[in-house]
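Chemist: Sharing a structure below in structure tokens format, with a few things to ask.
Please treat every number below as a calculation from the coordinates, not as lab data. It should be emphasised that the depicted structure is a prediction, and the values quoted were computed from it without experimental measurement. Heads up, the Cβs are rebuilt from the backbone with ideal geometry, glycines too, and the neighbour counts pull from every protein chain shown.
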Amino acid sequence: MDLISVRAVRVPRSRGELTFAPGAVPLAGGTWLYSERQDDVTELVDLTGLGWEPWTADPDGGLTVSATCTLAELVRIPARPEWPALSLIPLCVNSLLASFKIWNTATIGGNIALALPAGGLTSLATALDAVAELWTVDSERRIPVADLVLGVRRTAIEHGEVLRALHFPAAALAGRAAFRRIALSPLGRAGTVVIGRRDADDAVTLSLTGGTERPEVLRFAGIPTVAQLAAAIDGIDTWYDDAHGSPDWREAMSRRFAEEIRRELS
Ligand SMILES: Cc1cc2nc3c(=O)[nH]c(=O)nc-3n(C[C@H](O)[C@H](O)[C@H](O)COP(=O)(O)OP(=O)(O)OC[C@H]3O[C@@H](n4cnc5c(N)ncnc54)[C@H](O)[C@@H]3O)c2cc1C
């Protein structure tokens, strides 16, 4: 779509050029930005010219994925025995309603920054305790993705900040993962995505996305009982309502999947 309010598209080549005037927004794959009117946007700051490596294996055994890593690059990260939870990547990428055009240009950073409940990469990042690295031109901070996404199209990213990278800790990548997703139609937008992870120390993490307005992460020191799990889900009050599912259906499916995952990880 033509963005008729946009007066300039800038392609920074270094961090020092990552400046944002009022009305300027980061441009990544552009698959959402160019898909609808953006009346308040006057400048696009194209992050893809910064040349960030799509991903790097960290010396501490973790994985750093640049915000500009595309979905296609993400699914090509080679499997490693010490990262069994990487099996979640294709499941989460395919959980997006993605055409081949989106697959090759959409980025992990754009998906998380957009903060749609059906953000499959938000599902991945919250399930694996990923921490977001945010940059301004001269400062940086880190925040767990579970705390970065605040609600539907709402994040803790401030104007002038960009999501630089996602840090996936080694302990989470080493966990055993279980995945469930449902949509109202076979190729429909996710109604709920529930992901469980059991770590080497037996701690269990359950992330609920798609069915809730923001990521909900439940943590247990070990495998929870049926009652403990149900009680934890009782505490969720952000069940999402849109054309892709009613809140009561989303809650019912999420409860069912969480219990299935509890048994699978037991
Ligand atoms: C047919 C179709 C189906 C879709 N299905 C889904 C779906 O099922 N689930 C879903 O979540 N999305 C969906 N989308 C929306 C979109 O394609 C994806 O969310 C995609 O991952 C966005 O990534 P992008 O790199 O193209 O982001 P862009 O379109 O470039 O940017 C998206 C937003 O994030 C901001 N942004 C981008 N990168 C950064 C950064 N590094 N730091 C800070 N802000 C940043 C931009 O300013 C913009 O506000 C769909 C879109 C289409 C057209």
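Chemist: Once you have the Cα-Cα distance between Phe100 and Ala8, take 0.36 nm times their residue separation minus that, and quote the gain in nm to one decimal.
Modeler: Using 0.36 nm per residue and subtracting the Cα-Cα distance, I get 30.3 nm.
Chemist: Could you order peptides 168-181, 73-86 by the average number of other Cβ atoms within 10 Å of their residues, highest first?
Modeler: 168-181, 73-86
Chemist: Follow-up question, since we're still on this one. Computed over the Cα atoms of the range 8-49, what is the ratio Rg over Rh, Rh following Kirkwood?
Modeler: Taking Rh as the inverse mean 1/r over Cα pairs, Rg/Rh reads 0.96.
Chemist: Another question, if that's okay. Dipole magnitude of the range 65-140 about its Cα centre, charges +1 at Lys/Arg Cβ and -1 at Asp/Glu Cβ only, in debye to the nearest 20?
Modeler: Roughly 400 debye for the range 65-140.
Chemist: Rounded to whole Å and sorted largest first, list the principal axis extents of the Cα atoms in the range 175-265.
Modeler: Computed over the range 175-265, the largest-to-smallest principal extents equal 40, 25, 19 Å.
Chemist: Can you give the charge dipole size of the chain about its Cα centre, rounded to the nearest 20 debye, using +1 on the beta carbon of Lys and Arg and -1 on the beta carbon of Asp and Glu?
Modeler: 580
Chemist: In whole angstrom, note down how far apart the Cα centers of the range 106-136 and the range 1-68 are.
Modeler: After rounding, the separation between the Cα centres reads 14 Å.
Chemist: Kindly express, to the nearest 10 degrees and within the range 0 to 90, the angle between helix 247-265's C-alpha long axis and the longest C-alpha principal axis of the chain.
Modeler: Taking the Cα atoms of the chain, the angle to 247-265 is about 60 degrees.
Chemist: Next question. Output the Kirkwood hydrodynamic radius of the range 50-171, Cα pairs only, in Å rounded to one decimal.
Modeler: Averaging 1/r across every pair of different Cα atoms and inverting gives 14.4 Å.
Chemist: Which percent of Cα-Cα pairs in the chain sits in each 10 Å bin, short to long?
Modeler: Here the calculated profile for the chain is 7, 30, 36, 20, 6, 1.
Chemist: Would you calculate the separation in nanometres between label points at Glu140 and Ala232, each defined as 7 Å from the Cα along the Cα-to-beta-carbon direction?
Modeler: Going from the Glu140 label point to the Ala232 one covers 3.2 nm.
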